[in-house]
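Participant: Got a structure for you, questions after.
The values are calculated or read from the model by the stated rules, or taken from the named source; none is laboratory data. As the structure is a prediction and not an experimental result, all values here were calculated from the model. Using ideal geometry, Cβ is built from the backbone for each residue, glycine included, and neighbour counts are taken over all protein chains shown.
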Amino acid sequence: MTKYAIKKKDKVVVISGRDKGKIGEVMQVIPGDEFKPPRVLVTKINIVTKHKKPTQTDPGGLVKAEAPLALSKVMIVDPKTNKPTRIRVKTLANGDKVRVAVKSGETLA
């Protein structure tokens, strides 16, 4: 299984595309395979309109929902400066590994 720097509930900023500059929280990380790149689902980012077929319980119609976004189009938000940053994995003295923002040195939850 591939590990990604971005995890669920991380605060991310979109760095390219029509939603550039918007900040949201990661709802899901969808791993890629040899044919598809890894993708992320971010709250209130990349909203698309879908046509939903009516059922007995649901009236259907036009529904707005988030669509997956390529993992390469988002960066983690630095907790100190609120700007995009890369992250590093730092090993503590007791052997635990933590993610650290490169720009400010702050640890990420």
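Participant: Test Glu25 against the stated conditions and say whether it is part of a loop (DSSP other than H, G, I, E, B), assigned by TED's automatic domain parsing to the domain that holds Tyr4 and on the phi < 0 side of the Ramachandran plot.
Facilitator: No; evaluated as a whole, the condition is false for this residue.
Participant: Further question on the same structure: Looking for whichever is among the polar types (S, T, N, Q), modelled with pLDDT under 95, surrounded by fewer than 11 Cβ atoms within 10 Å (Cβ to Cβ) and assigned to a loop (DSSP other than H, G, I, E, B) here; the options are Thr2, Thr57, Thr81. Which one fits?
Facilitator: The conditions single out Thr2.
Participant: Checking the condition basic (Lys, Arg) and touching a helix residue (DSSP H, G or I) at 6+ places or on another chain (Cβ under 7 Å), which residue from Arg88, Arg18, Arg39 passes?
Facilitator: Result: Arg39 is the single residue among Arg88, Arg18, Arg39 that is basic (Lys, Arg) and touching a helix residue (DSSP H, G or I) at 6+ places or on another chain (Cβ under 7 Å).
Participant: Please find, among Thr43, Thr49, the residue that is over 17 Å from Gly17 (Cα atoms) and either assigned by TED's automatic domain parsing to the domain that holds Asp19 or at pLDDT 95 or above (or both).
Facilitator: Thr49
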